[in-house]
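The next block holds one structure in the form of structure tokens; read it before the comments.
What follows is calculated from the coordinates using simple rules that are stated; it is not laboratory data. Because the structure is predicted, anything quoted here is derived from the model rather than measured. We place every Cβ from the backbone using ideal geometry, glycine too, and count neighbours over all the protein chains shown.
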Amino acid sequence: MTADSWVAIPDDSMFPLENLPFGVATSADTASPHIVVAVGDLALDLARAAEAGLLDSVHPDATSLFSSTTLNPFLASGRAIWESTRSVLQQLLSDHAYEPQVRQALLPQRALTHLLPIEVADYVDFYSSQQHALNVSQIFRPDSPQLPENWKYVPIGYHGRAGTVVVSGTPIKRPNGQRKPRNASTPSFGPSARLDIEAEVGFVVGTATALGTSLTPADFADHVFGVVLLNDWSARDIQAWEYVPLGPFLGKSFATSISPWIVPLTALESARVPVPNQQPKVFDYLVDDDSWCLDIALEVRLNDTVISRPPFSTQYWSPGQQLAHMTVNGASLRCGDIYASGTVTGTHKDQRGSLLELSWGGTEPITLADGSTRTFLLDADTVTIGARAPGAGGRPIGFGQVTGQVIATD
């Protein structure tokens, strides 16, 4: 058991005292959504804690702040409140003097029904894994496999659909759309036959900016509250037919799943790694001397089979550089914005973050534990992405999971 908390936290828990991720959930005795924080196998109901006066030192109106049905008001309160809240929570969960009161606000996680933790304002997805970009080029352009000309100058991304970001566990309906296989002379309409996943890491914005404001990588921790796991579901056949000349649209916009727990940046201090050597030299607005590149080990499971373990530390562009590029033209941030890393892919075959790459465009089927094979997803398939990162004192920081099951088109 973890020694520095009076809560019985298993040694292998994803949620030690050093983590304390935030979410929103209901339970049998809390029908309305409450803000909760995970610790071990339990969750601390912050609304109850605030009503008991345990969070008065955090905010002059803590009861109102933590009784919200989303995390947005808390995220909008800014970095000083985020960090003081975390400090107070660690004290409450480690000092036995608070145990009798705090126990009244603890719930078993198994009793929770998780909801989308934030009201999503905008959603942007980047394309920041060099190996993923190279793999995609080789699959689609085998005669000239190379990065796009702008790839090492510009953190490439697209603006997605905020309204279809859903919490882990939400069923994913196979989308309809136009498709035109390479050997077909004309397009057809119907359900996607090449439904895919993209294993990604997402960054949740708390502090907003005014229109016309440009940020630098050094501003990252003042505006980004924390990190989620993210699955950017992709209909590759719809995407392939529509993406010229304006890029992803219906092949991406039908669903994006995120994990229910948002891990605070402060919990990930021990997971920080340097920005990779970037050549050619980046423009001044992208220079990142305060890197929040992170050593996160992802795991992708299809039904009962682990099919990939992508390493997030191999990303070419840092999340700070992505934030700077996203705002360099003066585009404003809003509380509840999410921006994602793009598919996380390492240099080895078992580190590829999409079925497109794992099956090499559908030419190399993947064998699952039950003996069946896949190139792309079938109805009733379930995809689960988990992850861990190094934490303080050697205890790993977990992100929980993001999962979704494919259901047939009506």
For Cα Rg over 2.2 N^0.38 Å, several values are listed as [x] 1.05; [y] 0.92; [z] 0.99; flag the one computed from this structure. [z]
List, in the order given, every pair from 180/349; 152/252; 152/180 whose Cα-Cα distance in the structure shown is over 26 Å. 180/349; 152/180
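Using mean Cβ contacts within 10 Å as the protection proxy, how do 41-52, 111-122 order, highest first?
Details: 41-52: 21.7, 111-122: 19.4.
Taking the mean over residues of other Cβ atoms within 10 Å, the ranking is 41-52, 111-122.
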Relative contact order for segment 142-226: what is it in percent, counting Cα pairs under 8 Å that are at least 6 residues apart? 18
Which chymotrypsin sites (Phe, Trp or Tyr not before Pro) from segment 166-242 combine a DSSP loop assignment with at most 10 other Cβ atoms within 10 Å? none
Relative contact order (percent, whole number), the chain, Cα cutoff 8 Å, 6+ residue spacing: 21
Listed highest first by mean packing, meaning other Cβ atoms within 10 Å per residue, what order do 390-396, 278-284, 166-172 come in? 166-172, 390-396, 278-284
